[in-house]
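**Student:** Questions regarding the structure given below will be posed in turn.
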Amino acid sequence: MYHSVGIPNPNWIWNFLTIPYQIFEDHLRVLRGKGFNTIDLLQLYNYRSTGKPISPNSIVLTFDDGYLDNWVYAYPLLKKYGFKGTVFVNPEFVDPTEEYRLNLEDVWNGKVKEEDLKPHGFLSWHEMRQMEKDGVMDVQSHGMTHTWYFTDPEIIDFRHPGDTYVWMNWNKDINRKHKYLTENQDDLIELGAPVYQHEKSFSARRYYPDKLLDKTLIHYVKENGGKDFFKSKSWRNQLFRVVENYKNKSLLEDGYESEEKKVKRFEWELKESKSILEQKLEKEIRYFCWPGGGYTNLSRNIANKYYLSTTLASWDQTVSKNAFGEDPKNIKRMAVNYIEGRKDGTVKYLSGYYHYLCIRDFRGEPERKLLRKLLKGITLLKYRCFP
């Protein structure tokens, strides 16, 4: 399971999801040297459900979220090593551009310099079609929204300069979601707005807060200095007092999503993303990846109506090796982009050989004691991530 493959952006709150493309190439180089073959999810499904043979050392490479760097770096490198992958895409994040952005192939062909590449952002329909045409990337569904929703009246924070609640911007203006990595969206932050308890979209029962309370807090911040209000060390305490005073004077006009509406929302996300992807890419969409690994029994049961298989979250205790005889509706994945932060601004990434050993361990090969020793002793590759 990969996400972003390229150059880590220190200003991105989820930069740990980016594996440097040099490290990614090291993974591919080792996998090729060890005789691995990539297959797609249909081949995996057919093997697991009917026993249809697959090549020895078969592996599925997946890429979540549809980042532009999958086109800029991952796609050319997969072609270079004769591999293919599956990218899970949210239609609401697709870039509407009709141009093909530059990638590593343009660098290799001498058209541009490597520093001219602009990898941050999201894939376009044109780029997805080209990757599919080349047989390198198979596009599948990641839902529509990939967001979080409020689930409880408990306020845990307030919007403030530099906060990490970017998903609240997405919910405010879905037309700018695909730009959030490339443009300043501070204008979407309503300073002082309460941040309630929240969960991932497919595990949440939505809570609808009192709109007047939200407006009261936003107005309070605006009247008390705007951004300068947050220079005070006690700004959170001040806002919680505003909340307390409001509740003492007014009954909250809030509420929860009904079970019927929740089911309809799940149905819409699962069915609409499949429909849009099928229309834009002129193919059948059969597989689904849960955004952020968030789901419930209800959302999984609904997904089974539209998809052959869905991914399991890393926290899910369902035992699976993706083997013949297991339930083919469940796809177990192994994350590869583990990093370890360093005060000097460096991050440690898994080398290709380390990654190969992790795969062997995931498969449950017998020499586990040897593997554990190797995993402890292997040297990781360093990469400077932060300025």
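**Student:** Could you figure out which of (1) over 17 Å from Met144 (Cβ atoms); (2) out of contact with any Phe, Trp or Tyr (no Cβ under 7 Å at 6 or more places or on another chain); (3) of a type outside the set (Gly, Ala, Ser); (4) in a loop (DSSP other than H, G, I, E, B) isn't true of Asn304?
**Tutor:** (4)
**Student:** Go through Phe229, Phe266 for me and flag whichever is touching a Phe, Trp or Tyr at 6+ places or on another chain (Cβ under 7 Å) and touching a residue at least 60 places away in the same chain (Cβ under 8 Å).
**Tutor:** Phe266
**Student:** Given Glu127, Glu154, which one is modelled with pLDDT of 95 or more, among the charged types (D, E, K, R) and surrounded by 18 or more Cβ atoms within 10 Å (Cβ to Cβ)?
**Tutor:** So the residue among Glu127, Glu154 that is modelled with pLDDT of 95 or more, among the charged types (D, E, K, R) and surrounded by 18 or more Cβ atoms within 10 Å (Cβ to Cβ) is Glu127.
Okay, residues lined up against (1) touching a His at 6+ places or on another chain (Cβ under 9 Å); (2) touching a residue at least 24 places away in the same chain (Cβ under 8 Å); (3) over 27 Å from Asp163 (Cα atoms); (4) crowded, with 16+ Cβ neighbours inside 10 Å:
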| residue | (1), (2), (3), (4) |
| --- | --- |
| Pro10 | no, yes, no, no |
| Asn15 | no, yes, no, yes |
| Thr18 | yes, yes, no, yes |
| Trp71 | no, yes, yes, yes |
| Glu99 | yes, yes, yes, no |
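**Student:** With respect to Lys262, determine if the residue is over 21 Å from Arg48 (Cβ atoms), surrounded by 16 or more Cβ atoms within 10 Å (Cβ to Cβ), more than 19 Å from the chain's Cα centre (by Cα) and of a type in the set (D, E, K, R). Before you say what the answer is, go through the steps one by one.
**Tutor:** On the way: over 21 Å from Arg48 (Cβ atoms): yes; surrounded by 16 or more Cβ atoms within 10 Å (Cβ to Cβ): yes; more than 19 Å from the chain's Cα centre (by Cα): yes; of a type in the set (D, E, K, R): yes.
Answer is yes for this residue.
**Student:** Testing Pro91 on (1) on the phi < 0 side of the Ramachandran plot; (2) of a type outside the set (Asp, Glu); (3) over 18 Å from the mean Cα position of the chain (by Cα), one condition comes back false. Which one is that?
**Tutor:** (3)
**Student:** Any chance region 357-365 includes a residue that's loosely packed, with under 14 Cβ neighbours inside 10 Å, outside any helix (DSSP H, G or I), at pLDDT 95 or above and charged (D, E, K, R)?
**Tutor:** The answer is no; no qualifying residue exists.
**Student:** Please list, ordered by residue number, the helices (runs of 4 or more DSSP H) wholly in region 19-114 having 2 or more residues that are hydrophobic (A, V, I, L, M, F, W, C) and over 23 Å from Leu277 (Cβ atoms).
**Tutor:** The qualifying helices (runs of 4 or more DSSP H) are 21-33, 104-108.
**Student:** Okay, moving on. Conditions first: (1) charged (D, E, K, R); (2) touching a residue at least 40 places away in the same chain (Cβ under 8 Å); (3) in a loop (DSSP other than H, G, I, E, B). Asp163 passes all but one, so which condition is the exception?
**Tutor:** With respect to (1) charged (D, E, K, R); (2) touching a residue at least 40 places away in the same chain (Cβ under 8 Å); (3) in a loop (DSSP other than H, G, I, E, B), Asp163 is out only on (2).
**Student:** For Lys332, state whether it is more than 19 Å from the chain's Cα centre (by Cα), closer than 30 Å to Asn15 by Cβ and not aliphatic (A, V, I, L, M).
**Tutor:** When the stated conditions are applied, Lys332 does not pass them.
**Student:** Same structure again: Checking Tyr246 against (1) assigned by TED's automatic domain parsing to the domain that holds Ala335; (2) among the hydroxyl-bearing types (Ser, Thr, Tyr); (3) in contact (Cβ under 8 Å) with a residue 12 or more places away in the chain, which single condition isn't satisfied?
**Tutor:** Condition not satisfied by Tyr246: (1).
The values are calculated or read from the model by the stated rules, or taken from the named source; none is laboratory data. Every value quoted in this text rests on a predicted model; they were computed, and no experiment measured them. Glycine also receives a Cβ, built like all others from the backbone with ideal geometry; neighbour counts cover every protein chain displayed.
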